[in-house]
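Throughout, read-outs are computed from the coordinates displayed, never taken from laboratory work. What you see is a predicted model, and the numbers here were worked out from it, not measured in a lab. Don't worry about glycine lacking a Cβ; one is built from the backbone with ideal geometry, like all the others, and counts go over all protein chains shown.
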Amino acid sequence: MTDTANCRPVDAAEVGHWDLEADVVVAGFGVAGAAAAVEAARSGADVLVLERTGGWGGAASQAGGFVYLGGGTALQRALGFDDTPANMEKFLLAALGPGADRAKIADYAENSVAHYDWLVGCGVRFREAFWDQPGWEPPHDEGLMYSGGENAAPFNAIATPAPRGHVPQMANKQTGAKGGGYMLMKPLTDTAAALGVRAEYDIRIRRLVVDDGRVVGVLATRFGAPVAVRARRGVVLATGSFAYNTTMVENFAPLLVGRPGAAIEEHDGTAIRMAQALGADLSHMDATEVAFFGDPQLLARGILVNGRGQRFVPEDTYPGRIGQMTLLHNENQAYLIIDEQALEAASATETATPFFRVPPTWAAESIAELEADMGLPELALQTTVQTYNHHAKTGTDPLFGKKPEWLEPIGTPVAGFDLRGRTAGFTLGGLRTDLDSRVLHVNGEPIAGLFAAGRCTAGLCAGGYVSGASLGDGSFFGRRAGAAAAHADTDEGQ
C-alpha cells in the first residue's frame with residue numbers, strides 16, 4: 001500500500017516552525033537527485049537532500065548502469081565509432097515513441113558529449129572496451145555496448161548505427177547489487193559530499209508548502225514524526241516513478257498490472273501526486289518500459305513467435321523492444337523456437353544473466369511434432385519456419401530485417417521455450433517539465449519554486465525505450481533542475 005491520499009499543498013502561514021532549511025531542497029538521492037545536488041552546490045547554493053531510505057542510491061544503484069550517451073563521446077571515438085548529435089537525435093526520435101518531446105531529445109543529443117565529460121569530471125570511469133554481442137548488459141566491465149536496437153531493424157535503416165550504452169567501470173560485478181549503477185552513484189554522491197551537500201535519511205516527503213503560489217518547502221515525516229523543511233530558492237523532486245503505486249498503475253498503465261515492477265518499492269508516485277495537487281501537468285502516463293526475461297544470445301539465433309505461431313519482431317534487436325512488442329502488441333504471448341546446433345552455440349557464449357539460461361520447455365524431432373506439442377494451430381508454426389528458412393538460405397529476412405549474421409535456417413532436432421508472461425516493467429510517464437526542469441502547470445506556465453527530474457517526470461521516452469535513458473536523462477535533467485533551482489529568483493512566476 002502507498003500513502004498519497006493526503007498530498008494537498010499547505011500554506012506557509014500554517015507552518016509554525018522550520019526544522020530544517022536550505023537554499024535548494026532535493027527530494028530523493030538517486031541519480032537525478034545526486035546530479036541536481038552536485039549542480040546546485042556548484043552554483044553556489046546551500047543544498048539539502050532528503051532521502052526516504054537509509055542511504056543514497058535509489059533504483060539507480062541497483063541498475064545495470066547503462067547511461068545513454070552519444071554524439072561522439074570520448075569513449076565512442078576511442079573505440080572507433082563515429083556519431084554526431086544529429087544522428088543520435090534521428091535515432092531517438094524514431095525509437096522513443098510517437099509524441100516524444102522533440103525539444104528535450106534535441107537538447108539531450110546536442111549536449112550528450114558535454115554530459116559524458118561532466119560525469120567523468122565527477123569521477124565516473126568508463127573502460128575503453130566494446131561488447132559486441134547481444135545481451136542485456138556486458139558480462140564484464142566493458143564500457144560500451146549497443147543498448148537500444150540502433151544496429152537492428154528498422155532503426156539501422158533510419159540512422160547510422162552507433163553504440164551509445166555507456167557502462168561505468170566496475171570491479172567484482174554483482175548484477176542488481178554492485179554493478180554499473182552503483183559505480184555511477186558512488187562518484188556522484190562522493191562529489192556531492194565534497195561540495196558540502198547535506199543529506200538527511202529515513203525522511204519521507206508528504207506535502208508541498210506554498211507561499212502565494214510559490215513552492216517554499218516540504219512537509220515530511222521521519223519515523224512518523226513531522227518534519228518541516230524550508231527551501232529558500234527551490235524544491236527539486238527526484239523520487240522515482242509510480243511503478244509501485246497500484247492505483248496509479250491501474251489508472252494510467254494497466255498493462256503492467258500483475259507484472260513484477262522493474263523498480264524499487266519506494267517508486268510510489270508520491271512526488272507526482274503532490275505536484276498534481278498543485279496543478280502540475282502530466283505527460284505520457286501510459287508509457288512503459290518492458291523487460292523480457294529471455295537470453296538475447298538464444299533469441300538472436302532462433303525465432304520468436306506469438307500465440308498464433310507467427311513471428312512479430314526481429315529477434316536480434318534490443319530485448320526491451322522485444323518485451324514491449326510481446327506485452328503491448330501480442331497479448332504477452334511469446335515462444336522461442338531454436339534448433340539444437342544454435343542452442344549449443346548460444347549456450348557456449350558468455351552472459352551477464354545466466355539465470356535466463358534454463359532448459360527448453362519442449363524438444364522434438366520435427367517442426368510438426370513441436371507445433372503439436374505446443375498446442376499451436378496445425379501448419380501455423382510449420383508455415384512460419386518454412387518462410388523463415390526459405391529466406392534465411394539467401395541471408396535475408398524481408399519480413400522483419402534480421403541481420404544476415406544471425407540468419408541460419410532452423411533445422412532439427414528443435415526445441416521450444418515457453419516465454420509467455422515473462423515480462424516486467426516500469427512506468428515512463430510523469431510530470432511535464434521544460435528544458436530547465438521546471439514543473440509546468442496545466443496552463444503551461446512553470447510552477448514557481450518547483451523543479452523535477454528522473455522517473456517522476458516524462459523525460460525523453462514517450463513509449464519506446466532504450467537502456468540507459470533513465471540514468472541518462474535523469475542525470476542530465478537533474479543537473480538542469482539543480483542549476484535552475486539554485487538560480488531561482490524569489491519573484492519567479494509572480
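By the Stokes-Einstein formula, at 1.567 mPa s and 4 °C, the range 280-363 with its Kirkwood radius over alpha-carbon pairs has D equal to 93 µm²/s. In the chain, helices alone account for a calculated mean residue ellipticity at 222 nm of -8500 deg cm²/dmol, with every DSSP H run of four or more residues adding -39,500 (n - 2.57). Distance between the C-alpha centers of the range 417-474 and the range 309-376? Whole Å please. So the separation of the two Cα centres works out to 31 Å. By the count of neighbouring beta-carbon atoms within 10 Å, fewest first, Met88, Met325 end up ordered Met325, Met88. Sorted fewest first by neighbouring Cβ atoms within 10 angstrom, Arg232, Arg321 come out as Arg232, Arg321.
Exposure proxy shown here: for Leu376, Leu69, Leu435, the number of other Cβ atoms within 10 Å sets the order, fewest to most, as Leu435, Leu376, Leu69. Distance from the alpha carbon centroid of the range 217-253 to that of the range 76-90 works out to 38 angstrom. Loop-located GluC sites (Glu not before Pro) in the range 311-371 (DSSP state not H, G, I, E or B) with no more than 15 neighbouring Cβ atoms inside 10 Å: Glu331, Glu350, Glu365. When the alpha carbon coordinates of the chain are projected onto the principal axes, the ranges are 78, 46, 40 Å, largest first.
When the Cα gyration tensor is reduced to axis lengths a ≥ b ≥ c, the ratio a/c is 1.5 or higher for the range 105-260, and with a/b above b/c it is classed as prolate.
For the range 403-494, the fraction of alpha-carbon pairs lying more than 17 Å apart is 62 percent, rounded to a whole number.
Could you work out how far the C-alpha centroid of the range 108-135 sits from that of the range 1-72, in angstrom? Going from one Cα centre to the other spans 24 Å.
Which of rounded, prolate or oblate describes the range 296-421 when judged by the alpha-carbon gyration tensor and an a/c cut-off of 1.5? Here the range 296-421 falls in the rounded category.
Placing pseudo-labels 7 Å out from each Cα toward the beta carbon at Glu128 and Leu379 gives an inter-label distance of 6.0 nm. Net charge in the neighbourhood of Ala231 (other residues with Cβ under 9 Å of its Cβ; Lys, Arg +1, Asp, Glu -1) is +1. Taking 0.36 nm per residue of separation and subtracting the current Cα-Cα distance, fully stretching the chain between Arg222 and Arg102 would add 39.2 nm.
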